[in-house]
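All of the numbers you see were taken from the coordinates with simple rules; none came from a lab. All figures in this text were calculated on a predicted structure; none of them were measured in a lab. Positions of Cβ are generated from backbone atoms using ideal geometry, with glycine treated the same way; all protein chains shown enter the neighbour counts.
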Amino acid sequence: MTSLPDVPLGGLYGHLILDHYRNPRNREPVPNADIEAEEFNPFCGDRIALQLGLDSEGRVAQACSRSEGCSIIQASASMMADLAFGKSLGELEGLAELFRSMMRGERSSDGIAEELGDLKALEVVRAFPVRIKCALLPWVALEEGIARFRKQSE
């Protein structure tokens, strides 16, 4: 891991991105995870492995995200795992849609900042369109993991 970010992160939210990049949260494996997913971007080498453990009500009780690659994927994965705790799968899918729409410029973070928590800081990445995929890759893994879990539960 390098000590310098690969995207300029000045401004109000840069410290949040750097903090999650340098000190990623929720990296302990989840034993007997209910949801597991991995994604890889062959163009840049970013990789994410995600595990979620659900409680008896179907809410996230445990989360592990392990990412490799740039500062953006590592921060996004850490922030996503932090935000997942206590959420239902439907709530997580809703957050994924909100985050995706913010990152693609379809929606401003104004009005959704509370729901997105620290993820709002990643809005600065929109200035670097080729890096948006880095921020979204953990969410792709999350959605695919949820879809696979639901299919297996049928």
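For the chain, calculate the relative contact order in percent as a whole number, restricting contacts to Cα pairs under 8 Å that are 6 or more residues apart. Numbers along the way, then the final one.
Details: 246 pairs, mean separation 38.6, N = 154.
Once normalised by length, the contact order is 25 percent.
What are the ³J(HN,Hα) couplings of the stretch 86-99, residue after residue, when phi is run through the Karplus curve with 6.51, -1.76, 1.60 and θ = phi - 60°? Round to Hz, x for glycine and proline.
Listing the rounded values in order: x, 8, 7, 5, x, 5, 5, 5, x, 5, 4, 5, 4, 5 Hz.
Report, in debye and to the nearest 20, how large the dipole of the chain comes out about its Cα centre when Lys and Arg carry +1 and Asp and Glu carry -1 on their Cβ.
Details: 17 positive and 24 negative charges, 79 e Å.
The calculation lands at about 380 debye.
How much length, in nm to one decimal, is gained on full extension between residue 113 and residue 23, taken as 0.36 nm per residue of separation minus their Cα-Cα distance? Don't jump to the answer; show the numbers that get you there.
Values: separation 90, 0.36 × 90 = 32.40 nm, distance 2.21 nm.
Full extension of this stretch gives 30.2 nm more.
Below 18 Å, Cα to Cα, which aspartates and glutamates can residue 120 reach? Residues fewer than 8 away in the same chain don't count.
19, 82, 91, 93, 97, 106, 110
Given the Cα-Cα distance of residue 56 and residue 128 and 0.36 nm per residue of separation, how much length would full extension add, in nm? Mind dumping the intermediate values first?
Values: separation 72, 0.36 × 72 = 25.92 nm, distance 4.10 nm.
Extra length from residue 56 to residue 128 when fully extended: 21.8 nm.
Give the distance, in whole Å, between the Cα centre of the stretch 19-39 and the Cα centre of the stretch 64-103.
Using only Cα atoms, the two centres lie 11 Å from each other.
How do the peptides 136-149, 25-38 rank, highest first, by the average count of neighbouring beta carbon atoms within 10 Å per residue? Can you show the working numbers first?
Working: 136-149: 20.4, 25-38: 15.7.
Going by the mean number of other Cβ atoms within 10 Å, highest first, we get 136-149, 25-38.
Along the stretch 123-138, what does the Karplus equation 6.51 cos²θ - 1.76 cosθ + 1.60 (θ = phi - 60°) give for ³J(HN,Hα), rounded to whole Hz, x for Gly and Pro?
4, 4, 5, 4, 5, 10, x, 5, 9, 4, 4, 4, 6, 8, 4, x
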